[in-house]
């Protein structure tokens, strides 16, 4: 962690979506690095939630606000004066996007546009990493993993909103943060980051497989209901893509123009597992659990999603460290500690330190 810690120490960093699962982990990493962290997000939806358990409200400059509100977002940026921005604020759930498509579109598209416009008007952000998803690629049923240059396209409202966000990112980058004008008319470099299904301690979101398993095993009867046992996803521990985001933001901050654009951060090939395979591994580690299938044909979800991360490996020297067994054990150790009443701040810091070392 030394290289990352040395770089981020003393840097002013804004994280949008810091009350969410990934955002809370990222905020804690940055705080541990000695960064001056601020956050803007809605209040946490779930109880418990990682934001509260890590007491982040009292450890960083906290702002509860909606990224759809441009005026408020700009006020926060002018106040906090960030050098680096990580944009994770979003409506992140595919199934919820069917129930509330307008909110999903407004948050994920206009929230991104508002942030980029606020960065433009502020004029002093040097590095911005905008987080989207592996679901931005048009699924042509190819036999290979998606590469950054593949065609974008989303069938469900969530995926469509993230594709549109990618178009907004590209448009703003070309129009206002062009690499040809870097150092002349602006000093901001922007990239988008696309990751697969992340797991890790502290996630209690609805309609997510690991949180559903954890709640069932530790709080209920151990029976899990799943929708699509054969669907294949890119499973990885949350710390894996976060390390990629941190490395990417560092390169942008240092003015390396070739790091603008889209980036994939996916796991190794052995971590591409079906929902059923992941369930069986999880039950094996826990020593109990069962599942039943309840289909929901009314809410389409892609069957297979795989990411090619060769670009990140070659240019960022980033690669996934954990196989799926290690990622699962680390995740379940965190939850065991929580349900046993242990200090989750200590557990979280221990896992961060172990991962980065």
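Bear in mind that the values in this text are calculations on the coordinates, not laboratory data. Bear in mind the structure is a predicted one, so any value in this text is a computation, not a measurement. Ideal geometry is used to build each Cβ from the backbone, glycine not excepted, and the neighbour counts take in all protein chains shown.
When the helix-only estimate is applied to the chain (DSSP H runs of n ≥ 4, each -39,500 (n - 2.57), divided by the residue count), what is the mean residue ellipticity at 222 nm, nearest 500 deg cm²/dmol? That comes out to -12500 deg cm²/dmol. Provide, for q = 0.13 Å⁻¹, the log10 of I(q)/I(0) from a solvent-free Debye sum over equal Cα point scatterers in region 208-351. The computed values of log10 I(q)/I(0) come out as -0.70. With viscosity 1.567 mPa s and temperature 4 °C, the Kirkwood radius over alpha carbon pairs of region 1-107 converts through Stokes-Einstein to a diffusion coefficient of 90 µm²/s. By the gyration tensor of its Cα atoms, with a ≥ b ≥ c the square roots of the eigenvalues, what is the shape of region 213-263: rounded for a/c under 1.5, prolate for a/b over b/c, or oblate? Taking the square roots of the gyration eigenvalues as a ≥ b ≥ c, region 213-263 is prolate.
Helix 157-176 and the longest principal axis of the C-alpha atoms of the chain enclose an angle of approximately 20°. Diffusion coefficient of region 127-252 by Stokes-Einstein, Kirkwood radius over Cα pairs, 37 °C, 0.692 mPa s: 193 µm²/s. Going from the residue with the fewest nearby Cβ atoms within 10 Å to the one with the most, 25, 204 rank 204, 25.
Can you tell me the mean projection area, over all orientations, of the convex hull of the chain's alpha carbons? Units nm², please.
Result: 16.3 nm².
Each of 93, 273 was scored by other Cβ atoms within 10 Å of its Cβ. Arranged with the fewest first, they read 93, 273. Counting neighbouring beta carbons within 10 Å and listing from fewest to most, the residues 265, 51 come out as 51, 265. Our summary gives the chain a relative contact order of 17 percent, counting only alpha carbon pairs under 8 angstrom and 6 or more residues apart.
Return one number: the angle in degrees, 0 to 90 and rounded to the nearest 10, between the long axis of the Cα atoms of helix 209-219 and the longest principal axis of the Cα atoms of the chain. Orientation of helix 209-219: about 50 degrees from the principal axis.
How far is helix 275-286 tilted off the main Cα axis of the chain, in degrees rounded to 10, range 0 to 90? Taking Cα atoms only, the helix is inclined about 70 degrees.
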